[in-house]
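Down below is the structure, laid out as structure tokens.
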Amino acid sequence: MIPKKVSMEALTASDRQALDSLMAQLRKLYTERLRQVILYGHKSRGERGSDLDILVVIEGVTDRFVEMTRIHRITGPITVDEDILITAIPVDAAYLEQHRETSFFAGILQEGITL
């Protein structure tokens with residue numbers, strides 16, 4: 001069964017504010033390297049929950065831990081300001097393309113909302 005996707009309008013105002021802030025800062029940080037940002041998990045299915053699960057697709061990732069640190073510097077203050085935990089996973093665009101059929105990525109690509 002294909003999970004139901006919701007629209008951005010179904011998210012709370014606080015969720016949307018957090019995502020808008022996240023997107024603005026990711027665009028500034030990665031500029032043309034930012035390929036896609038996907039909200040997935042319970043929020044993308046319209047289920048209740050207190051966190052935002054995000055996949056950040058970046059061109060040319062050489063060290064995921066460096067990118068996780070860079071993204072955490074963005075998500076940390078948003079988490080405090082909006083009182084919403086943001087869990088963001090960076091992935092290289094080429095890696096995602098090669099592994100898009102795995103259960104983890106296939107689920108995200110199927111149920112996720114592209115921001």
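Could you tell me what percent of the accessible area of the stretch 21-115 is made up of carbon and sulfur, with a 1.4 Å probe and every protein chain present? Can you show the working numbers first?
Numbers: 2670 of 5240 Å².
Carbon and sulfur together cover 51 percent of it.
Tally Lys and Arg at +1 and Asp and Glu at -1 over the other residues with C-beta under 13 Å from the C-beta of G49: what net charge comes out?
Working: positive: K43, R45, R48; negative: D15, E47, D51, D53.
Net charge around G49: -1.
Would you calculate, for the chain, the mean residue ellipticity at 222 nm contributed by helices, counting each DSSP H stretch of 4 or more residues as -39,500 (n - 2.57) and dividing by all residues, to the nearest 500?
Values: 4 runs with 52 residues, N = 115.
Rounded to the nearest 500, the figure is -14500 deg cm²/dmol.
Please report the relative contact order for the chain, taking Cα pairs under 8 Å with a sequence separation of at least 6, and give it as a percent rounded to a whole number. Working shown, then result.
Numbers: 172 pairs, mean separation 40.6, N = 115.
Relative contact order here is 35 percent.
Can you list the DSSP H helices in the chain whose Cα atoms extend at least 24 Å along the helix axis and whose mean Kyte-Doolittle hydropathy is -0.5 or higher? Length and hydropathy pass: 13-30, 64-82. Toward the positive end of the charge dipole of the chain, with +1 on the Cβ of Lys and Arg and -1 on the Cβ of Asp and Glu, the farthest Cα among L96, S21, I86 is that of L96.
Residue separation of L115 and E101 scaled by 0.36 nm, minus their Cα-Cα distance, works out to 2.9 nm of gained length.
Can you compute the charge dipole magnitude of the stretch 5-115 about its Cα centre, using +1 on each Lys and Arg Cβ and -1 on each Asp and Glu Cβ, nothing else charged? Give it in debye, rounded to the nearest 20.
Working: 13 positive and 17 negative charges, 23 e Å.
Charge dipole, the stretch 5-115, about its Cα centre: 120 debye, nearest 20.
Extending 7 Å from the Cα toward the beta-carbon at both A94 and Q25 defines two label points whose distance is 2.9 nm.
The values are calculated or read from the model by the stated rules, or taken from the named source; none is laboratory data. What you are looking at is a predicted structure, and each value in this text was computed from that prediction instead of being measured. Cβ atoms come from the backbone with ideal geometry, glycine included; neighbour counts cover every protein chain shown. Remember, those area values only see protein heavy atoms, side chains included, never the ligands or the DNA or RNA. Shrake-Rupley method; radii C 1.70, N 1.55, O 1.52, S 1.80 Å.
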